[in-house]
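Read through the structure below, which is laid out as structure tokens, and then see the notes.
The values are calculated or read from the model by the stated rules, or taken from the named source; none is laboratory data. All of these numbers come straight from a predicted model, not from anything done at the bench. FYI the Cβ positions are ideal-geometry reconstructions off the backbone, even for glycines, and counts take in every protein chain you see. Side chains included, ligands, DNA and RNA excluded: accessible areas come from the protein's heavy atoms. Shrake-Rupley method; radii C 1.70, N 1.55, O 1.52, S 1.80 Å.
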4 protein chains.
Amino acid sequence: MAEHACKGIDLNSDTGERYSFQKALGEEKLFQNITSANIACGFHAGDPVQMARTVRLCREYNVQVGAHPGLPDPLGFGRRNMEISPEELEYYLLYQLGSLHHIARSLGVPVKHVKLHGALYNAVTKDEALSREVIRIVNKVDRDMILVAPFGSVMHRVALDLGSRVAVEAFADRAYDRTGALVPRKVEGSVITDPGRVVERVLGIVRGEVTTIEGLILRIQADTICLHSDTTGALSLIENIRRALANENIPVVSMDQLV
Amino acid sequence: MAEHACKGIDLNSDTGERYSFQKALGEEKLFQNITSANIACGFHAGDPVQMARTVRLCREYNVQVGAHPGLPDPLGFGRRNMEISPEELEYYLLYQLGSLHHIARSLGVPVKHVKLHGALYNAVTKDEALSREVIRIVNKVDRDMILVAPFGSVMHRVALDLGSRVAVEAFADRAYDRTGALVPRKVEGSVITDPGRVVERVLGIVRGEVTTIEGLILRIQADTICLHSDTTGALSLIENIRRALANENIPVVSMDQLV
Amino acid sequence: MAEHACKGIDLNSDTGERYSFQKALGEEKLFQNITSANIACGFHAGDPVQMARTVRLCREYNVQVGAHPGLPDPLGFGRRNMEISPEELEYYLLYQLGSLHHIARSLGVPVKHVKLHGALYNAVTKDEALSREVIRIVNKVDRDMILVAPFGSVMHRVALDLGSRVAVEAFADRAYDRTGALVPRKVEGSVITDPGRVVERVLGIVRGEVTTIEGLILRIQADTICLHSDTTGALSLIENIRRALANENIPVVSMDQLV
Amino acid sequence: MAEHACKGIDLNSDTGERYSFQKALGEEKLFQNITSANIACGFHAGDPVQMARTVRLCREYNVQVGAHPGLPDPLGFGRRNMEISPEELEYYLLYQLGSLHHIARSLGVPVKHVKLHGALYNAVTKDEALSREVIRIVNKVDRDMILVAPFGSVMHRVALDLGSRVAVEAFADRAYDRTGALVPRKVEGSVITDPGRVVERVLGIVRGEVTTIEGLILRIQADTICLHSDTTGALSLIENIRRALANENIPVVSMDQLV
């Protein structure tokens, strides 16, 4: 596969998004196959015990630990837009980053990346002031912290401008349009459910290309691909993706080895 | 006042125990007079913005910042006993300590002490296993962290045994019995409301003596005295206490200079 | 005072907006002077015990009980805009109305009105679809329930159109502009702090006139005036208002006697 | 099956114990097979939208709606003992019952029973004062409300004494000891996982007999059997139970037809 000289790809998943008393099926299988985990920090989901257990899974399966902070909206899973002030944004993020930091440190594991959740993640796609704020806040805590930014997002551009460490994320099971934006979930065809096509799209993304919903070929660049673990068949799909990447000799490595 | 050669006393107060949108009267006056602040971390009370604002007040008035972690019981203000597991205790504490750590660090202020809140504070008065756990957890995070332990508590003894840094706390407005235990609030005479007597008791505690509810003289040792700020007259009482201590040439210094 | 033939005015206040363990000063004085209480239902503030205690105060002082439902945003006190779906709106309201209904019924007191809180209250000022939804939901529960609508609001107009029972609310300590809209809090002069002027404005509102921030005389109609109880001097201001209304022989009665 | 002249059995399940954004697999299958649903009311789990959706499922599949109130402990799923006062108990229950009442009424469905959740459910097994309180509170709201009480519990006896409507509940997948008490989960053999044995035990319970963990035959009486839906195989087990009951001509009817 010398022609695309791929330095490798990270596979990340949002994790710890339940309470500790709720069981998840197949967690071992998930952690055997991903290289980075974004851990919910108790605002949109998760709790301290769940965070610790997820960090332990990361440690056991050699998965990179990252924070997955969200809005304080458990009923809406952090997906609903809320008008918060810059002061609220700052301390909501620091609070969540700090809580995971201490839990992970007590388990001997560093927190290496931050991926915003839900409405916050969507907001930095387009909002430059918010992107700058988030980058400033994260850098305050740790200059080496990797920010996960959506492909084609304002946050990606701003992070590059500011010289921040950033990992670009792509979705293999979501359609992009010709502008590089994710097609909203409510649009027909926005979610790709056929496992074969998802695997193909992963390989395409790694090569730097994705077919848009209009049928065009879009140049894409991604350091990490987001995998969902909460749907039926998701876990076997992840195994298929790993197999396909292995077949193509594409290294699957955590994002801190890529950016 | 050479006869009691007092090395000084710390005055602490529980703070940040509201939401950020709720106003408190007289905060400036409070922070001008105390030397240590125990900041609620969002479980029994408080929120990230309130934590940051309280840290800023500490910075402005040169007050030592400490964590005031509690049980996840906002409706009961962390005062109700809850049966939690050792795993829950550990990560509830680390979560709260971490959240304050990052917020305080972002404001350039170190977190120097931990004082448990409510039902947790009461529990370590008598529970040796719990005391050991708490000390182990706090030391894991920072070996220099000062633990605030009630006078006469099991936790105080255990901390000394383990060589942990500990500050002993006394209450000037609460009655002690002959065993050194606080008289429960529901008992008549358990709360001292007369300001003159409270000031007197502060001076007594500094000298190492307190009169019990039975009228006996009890030897007491305290590094820090807890002052309440939420009742009418509390703020002017604090000023009176400061004046009385100044008159006696007793240094009022933060606990990290004492233990 | 025959010239304005005032049928009377209701004085309402937002209440129960703390947790039950938090003390409020002067509650008795407040309940002696108001005729309707809007009780927070645990979403933006309040808890079940606090709700019951507030209903008991209403019963003791013969104050009309109303629900004061808000958004599920305790950190933001229900003041922040949140994007919620019609389904969420419907069941958030029914949940809160039901919770107060059972608590009040167990104490032998009917719930007679609903006043939305914070961001929801502001939204119905302008949003017709939302206003229709709220009216439909409230009527589903009880056709006799009185809706409190801001003067000049879309909700007021819609409620009249639909034949719903509605009480119009005015603010004596907030400036109106020439269009009848409240001047936003951040604008200089939007909040009237001089007690004398507030009393004057109450009398003006009862007479049907208010001076706008531009100095014009605006015709106003109000069944109820909102009084705040959380600021210094608020309670003595309420007493002054009662005295002034008594001097003018204006009956102060609960809104269910007016609409 | 004339010999035991069984008047029928109700099959109940705890439902709505997630947030509305969380998907559950197999809900239709569950609701096709149970006759009573206990709906979480937002304290230990659930939210207003989830409550409404669950009521709608009940309406669609003709399942009796009941309330499933719990302690305000979402992190502990209401399973942890919390020391609450009688006043807190009363208004926590009324709050939750009222919230479900209004949501169900808006959907045209009556709430016919109450089953306590978690630590509260366990407490009424033995605590007579608490049982009296709960019965008094529920009767205050609705004299016809059916209380679900564990077989062999103090609450069952107290409800009979007070002439309250009560449905006795048994567990087919949990071991009983010779005193009629449930064997604690941590004891080996306390949970019966073999589907064949669970079906057998259901038939035994309907006939009035259960084999204890010591191997004795215990007389048991039950109006309703609790079925779990959250484990692998639970749904097909429920279908097997329905089939076995049908084979024995045992009517499966909602508890309001039995008590």
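Against the numbered list (1) hydrophobic (A, V, I, L, M, F, W, C); (2) surrounded by fewer than 20 Cβ atoms within 10 Å (Cβ to Cβ); (3) not in a loop (DSSP other than H, G, I, E, B), B:Val109 comes up short only at (3).
For segment B:242-258, the tally of residues that are closer than 18 Å to B:Phe171 by Cα and touching a strand residue (DSSP E or B) at 6+ places or on another chain (Cβ under 7 Å) stands at 8.
Of note, A:Asn12 does not satisfy the criterion of being open to solvent by less than 10 Å² (accessible area, probe 1.4 Å) and touching a Gly at 6+ places or on another chain (Cβ under 6 Å). Taking the criterion of being small (Gly, Ala, Ser) and under 25 Å from A:Ala246 (Cβ atoms), the residues of segment A:187-219 that qualify are A:Gly196, A:Gly204, A:Gly208. Checking the stated criteria, A:Val187 turns out to be more than 26 Å from B:Gly42 (Cβ to Cβ), among the β-branched types (Val, Ile, Thr) and away from chain B (no Cβ under 14 Å).
Reported count of residues in segment A:56-78, each being within 19 Å of the chain's Cα centre (by Cα), open to solvent by less than 10 Å² (accessible area, probe 1.4 Å) and more than 19 Å from A:Ala24 (Cα to Cα), is 6. Of note, A:Lys7 does not satisfy the criterion of being surrounded by fewer than 17 Cβ atoms within 10 Å (Cβ to Cβ), of a type outside the set (A, V, I, L, M) and within 19 Å of A:Gly233 (Cα to Cα). The numbered conditions (1) open to solvent by 10 Å² or more (accessible area, probe 1.4 Å); (2) over 17 Å from D:Asp14 (Cα atoms); (3) modelled with pLDDT of 95 or more are all true for D:Ser254 except (2). For D:Ile225, state whether it is over 21 Å from D:Asp127 (Cα atoms), in contact (Cβ under 8 Å) with a residue 60 or more places away in the chain and assigned to a strand (DSSP E or B). Yes. Taken over segment D:25-55, the criterion of being away from every other protein chain (no Cβ under 11 Å) and open to solvent by 40 Å² or more (accessible area, probe 1.4 Å) is satisfied by D:Glu27, D:Glu28, D:Lys29, D:Gln32. For segment B:1-30, what are the residues that are modelled with pLDDT of 95 or more and in contact with a Phe, Trp or Tyr (Cβ under 9 Å, 6 or more places away or on another chain)? B:Ser13, the sole residue that qualifies. Scanning segment C:136-160 for residues that are surrounded by fewer than 23 Cβ atoms within 10 Å (Cβ to Cβ) and in contact with a Leu (Cβ under 6 Å, 6 or more places away or on another chain) yields a count of 2. Filtering segment A:138-191 to residues that are closer than 19 Å to A:Leu93 by Cα and part of a loop (DSSP other than H, G, I, E, B) leaves A:Asp142, A:Arg143, A:Asp144, A:Met145, A:Ser164, A:Arg165.
For segment C:56-93, the set of residues classified as at the interface with another protein chain (Cβ under 10 Å from one of its Cβ atoms) and more than 15 Å from D:Val49 (Cβ to Cβ) consists of C:Asp73, C:Pro74, C:Leu75, C:Gly76, C:Phe77, C:Gly78, C:Arg79, C:Arg80, C:Asn81, listed by residue number. Evaluate the following for D:Val114: is it at pLDDT 95 or above and within 14 Å of chain C (Cβ to nearest Cβ)? Yes.
Considering only residues that are open to solvent by 70 Å² or more (accessible area, probe 1.4 Å) and more than 20 Å from the chain's Cα centre (by Cα), which ones fall in segment B:164-215? Across segment B:164-215, the qualifying residues are B:Arg178, B:Thr179, B:Lys186, B:Glu188, B:Asp194, B:Arg197, B:Ile213, B:Glu214.
Here D:Asn81 meets each of (1) under 17 Å from D:Leu182 (Cβ atoms); (2) under 18 Å from the mean Cα position of the chain (by Cα) with one exception, condition (2). In segment D:218-231, which residues are of a type in the set (Asp, Glu) and modelled with pLDDT under 95? Result: D:Asp230, single match.
Of the residues making up segment B:192-222, those that are in contact (Cβ under 8 Å) with a residue 24 or more places away in the chain and either small (Gly, Ala, Ser) or in a helix (DSSP H, G or I) (or both) are B:Pro195, B:Val198, B:Val199, B:Arg201, B:Val202, B:Leu203, B:Ile205, B:Val206, B:Arg207, B:Gly208, B:Ala222. Restricting the search to segment B:80-121, which residues are free of Cβ contacts under 8 Å to residues at least 24 places away in the same chain and over 24 Å from A:Val111 (Cα atoms)? Hits for segment B:80-121 are B:Glu83, B:Ile84, B:Ser85. If you filter segment C:246-259 down to residues that are touching a residue at least 60 places away in the same chain (Cβ under 8 Å) and assigned to a helix (DSSP H, G or I), you find that the one that is nearest to the chain's Cα centre (by Cα) is C:Met255. The set of residues in segment C:131-174 being at pLDDT 95 or above, in contact with a strand residue (DSSP E or B) (Cβ under 7 Å, 6 or more places away or on another chain) and among the charged types (D, E, K, R) consists of C:Arg165, C:Glu169. Sort out which residues of segment A:232-249 are at pLDDT below 95 and of a type in the set (A, V, I, L, M), and write them in order of number. A:Ala234, A:Leu235, A:Leu237, A:Ile238, listed by residue number. Residues that are assigned to a loop (DSSP other than H, G, I, E, B) and touching a His at 6+ places or on another chain (Cβ under 6 Å) do occur in segment B:112-123.
Take segment B:229-245 and flag every residue that is within 25 Å of B:Lys112 (Cα to Cα) and part of a helix (DSSP H, G or I). Correct list: B:Leu235, B:Ile238, B:Glu239, B:Ile241, B:Arg242, B:Leu245. Filtering segment A:81-106 to residues that are surrounded by 19 or more Cβ atoms within 10 Å (Cβ to Cβ) and of a type outside the set (A, V, I, L, M, F, W, C) leaves A:Glu88, A:Glu90, A:Tyr91, A:Tyr92, A:Tyr95, A:Gln96, A:Gly98, A:Ser99, A:His101, A:His102, A:Ser106.
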